[in-house]
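The structure under discussion appears below in the form of structure tokens.
The values are calculated or read from the model by the stated rules, or taken from the named source; none is laboratory data. Keep in mind that this is a model prediction, so the values were computed, not measured. With ideal geometry, Cβ positions are generated from the backbone for all residues, glycine too; neighbour counts draw on all protein chains shown. Side chains included, ligands, DNA and RNA excluded: accessible areas come from the protein's heavy atoms. Shrake-Rupley method; radii C 1.70, N 1.55, O 1.52, S 1.80 Å.
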Amino acid sequence: MLLDTDPKIKNITAVHLVKVFYPLIIAKTEQGEYVKVKLSNDQLNDPLFWDTARNICQSELWVPLGRKFHQLLSNDWLVPVA
């Protein structure tokens with residue numbers, strides 16, 4: 001099931017990564033608001049994460065971001081089917 005069709009899930013927003021430079025990622029929401037993405041220590045120290053984030057930024061892909069804590073979501077747009 002897609003997250004955006006599930007009315008119970010309100011804590012996810014779609015963003016474009018607009019600036020990716022260590023140790024900061026800036027994203028723009030669908031509403032035009034700019035937010036600083038909060039990163040874990042593992043993400044900060046992972047070169048593959050930074051390469052991927054740069055590629056996502058260059059490709060202008062929409063990625064899911066937690067609305068409250070401004071963290072990137074690893075489970076993408078899907079939720080488990082019960």
Between ARG67 and GLN43, Cβ-based FRET efficiency (R0 25 Å, step 0.05) works out to 0.85
How large is the accessible surface per residue of the range 5-76, computed with a 1.4 Å probe and reported in Å² as a whole number? 69 Å²
Using the Karplus equation 6.51 cos²θ - 1.76 cosθ + 1.60 (θ = phi - 60°), what ³J(HN,Hα) coupling, rounded to whole Hz, does each residue of the range 45-50 give in order, writing x for Gly and Pro? 9, 9, x, 5, 4, 5
So for ASP51, ASP46, what's the accessible-area order with a 1.4 Å probe, most first? ASP51, ASP46
Which net charge results for the neighbourhood of LYS68, defined as the other residues with beta-carbon distances under 11 angstrom from its beta-carbon, given Lys and Arg at +1 and Asp and Glu at -1? +3
Amide H proximity to VAL15 below 5 Å, modelled H, separation 5+ or other chain, gives VAL63, LEU65
